[in-house]
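Derivation of every value follows stated rules applied to the coordinates shown; laboratory data play no part. Every value quoted in this text rests on a predicted model; they were computed, and no experiment measured them. As a convention, Cβ positions derive from the backbone with ideal geometry for all residues, glycine included, and neighbour counts pool all protein chains shown.
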Amino acid sequence: MNQKQRDELASGWGDSVQWDVDMADYSTLRAGGMADALVDVQNLDELRNLLCRLEELQVSCRVIGRGSNVLVSEQGYRGVIIRLQGELNSVTRLDEENKSGNPVVIKAGAGCSMSLLVSWCTGHGLTGLEFMVGIPGSVGGAVWMNGGAWGHEIGERLQAIEFVDYSGHLLVVPVSELKLLYRKLDLKEGDLEKRIISSATFALSPGREEQIRVRCEQYLGRRRGKQPTGAASAGSFFKNPPGDSAGRLIEAAGLKGTSCGQAMVSTVHANFIINTGRATAADIVALMQQVQDVVFQEFGVRLEPEVEIL
Ligand SMILES: Cc1cc2nc3c(=O)[nH]c(=O)nc-3n(C[C@H](O)[C@H](O)[C@H](O)COP(=O)(O)OP(=O)(O)OC[C@H]3O[C@@H](n4cnc5c(N)ncnc54)[C@H](O)[C@@H]3O)c2cc1C
């Protein structure tokens, strides 16, 4: 952002803007370059107004959730990173009376953490999203990525998404108009780029709280056994190629434990790149490219990153 854009944004948004932000603090990889600015918005009106203002100023922007699937490159992000807070973190049940046996519809703000959503559902005796437990993202990030685990994807429970485009217009799109792809959500007509999901509605079923809790514990237990715990990572770094597993290919290529600077291919799960200390975004990208090259040489498969590099 140039100085004029900074001055214009500061007038009106001054109190909400953090300037020259180290994005390592906002990524579960604990690495990343600098962003020109970071703004927390507290409600839908603020989000719409901010997007309009940025459009007028011709300033680029990206939204992040919990930063568990993004890495800001070493060059940094020239523009504004937006985070959804306040009212955009809430969860509400839309149909208080559900006597007919229909699914129960809930609405979750895109900024809400997945762990909060799953525990809210558990506490309200609603089943259907337990498989998402342990995914350290936000509702918006999970929906954007069509995240999932154990053979399920969040899109299975999605009813509609509400989003705001970069001109500040609000739209609600039912799931029938969405394409639920592997680790990607899109519109059947048009595309979701340059749109920020503000909330999502999910169709769930009534269930017994105790049983839901037990299922969550089982999923968490399976995770503990298979993934590196305690290490900074972004979960699976690469998408699984059709009919195969990225982790299997990386392991078979003998890459477990390979490092670049302080970024390392996990010895526990080959599809996890972990930050063993003070890895930079450049270390992580260099290791990513090395993994891609070696896997391609060995098996002729080009792995595509699941982690988004901004
Ligand atoms: C230990 C660990 C385990 C993981 N396990 C899994 C797993 O089992 N399954 C799985 O799917 N993922 C997994 N992940 C990856 C990650 O947690 C998920 O992809 C998560 O859904 C990302 O959410 P986020 O809020 O952190 O998104 P971010 O990383 O902040 O953003 C990811 C992308 O989503 C976009 N985005 C975020 N919010 C919005 C919004 N409101 N509107 C539009 N776009 C948005 C961002 O611009 C970015 O492009 C794991 C990560 C870790 C660290």
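A compact table of results
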item: Relative contact order, percent, segment 3-87 [alpha-carbon distance under 8 Å, six or more residues apart]; result: 36
item: Choice from 106, 284, 197 with maximal GNM fluctuation in the chain (Cα, 10 Å cutoff); result: 106
item: Segment 3-87 shape via C-alpha gyration tensor axes, a/c threshold 1.5; result: oblate
item: Built amide H within the under 5 Å cut-off of residue 63, gap 5+; result: 82
item: Residues of type lysines that residue 179 reaches as a straight line, Cα spacing below 18 Å, ignoring anything fewer than 8 places off in the same chain; result: 188, 194, 239
item: Beta bridges per DSSP with both ends in segment 1-88, % antiparallel, nearest 5; result: 35
item: Choice from 155, 14, 128 with maximal GNM fluctuation in the chain (Cα, 10 Å cutoff); result: 14
item: Two-site label geometry, residue 188 and residue 276: point separation in nm, points 7 Å out along Cα→Cβ; result: 5.0
item: Segment 90-226: antiparallel DSSP beta bridges as a percent of all, rounded to 5; result: 100
item: Order of 20, 186 - criterion: other Cβ atoms within 10 Å of each residue's Cβ, fewest first; result: 20, 186
item: Pairwise centroid distance, computed over Cα atoms, of segment 195-212 with segment 252-310, Å; result: 34
item: Nearest-20 debye value, the chain charge dipole, Cβ charges on Lys, Arg, Asp, Glu; result: 900
item: The chain: calculated mean residue ellipticity at 222 nm from DSSP helix runs of at least 4, using -39500 (n - 2.57); result: -8500 deg cm²/dmol
item: Percentage relative contact order, the chain, counting C-alpha pairs under 8 Å, at least six apart; result: 17
item: Residues whose placed amide H lies under 5 Å from that of residue 72, excluding near-sequence neighbours; result: 33, 310
item: Spatially proximal aspartates and glutamates relative to residue 184 (Cα-Cα < 19 Å; intrachain offsets below 8 disregarded); result: 153, 156, 162, 165, 193, 244, 304, 306, 308
item: Backbone HN-Hα couplings from phi across segment 155-172 [Karplus 6.51/-1.76/1.60, Hz, Gly and Pro as x]; result: x, 4, 9, 6, 10, 6, 10, 10, 9, 10, 8, 6, 9, x, 7, 9, 9, 10
item: Fewest-first sequence of 59, 291 by Cβ atoms within 10 Å of each Cβ; result: 59, 291
item: J(HN,Hα) series, segment 85-90, from Karplus relation 6.51 cos²θ - 1.76 cosθ + 1.60, nearest Hz, glycine and proline x; result: 10, x, 4, 7, 10, 8
item: Cα-based shape type of segment 223-267, given that a ≥ b ≥ c are square roots of the gyration tensor eigenvalues and the cut on a/c is 1.5; result: oblate
item: For the chain, built as a Gaussian network whose Cα springs stay under 10 Å, the top-fluctuating residue of 28, 201, 92; result: 92
item: Within segment 163-249: Cβ-based charge dipole about Cα centre, in debye rounded to nearest 20 (Lys, Arg +1; Asp, Glu -1); result: 520
item: Percent breakdown of C-alpha pair distances by 10 Å bin, ordered from the shortest bin, for segment 99-246; result: 11, 39, 34, 15, 1
item: Global form of the chain, assessed from the alpha-carbon gyration tensor, a/c cut-off 1.5; result: oblate
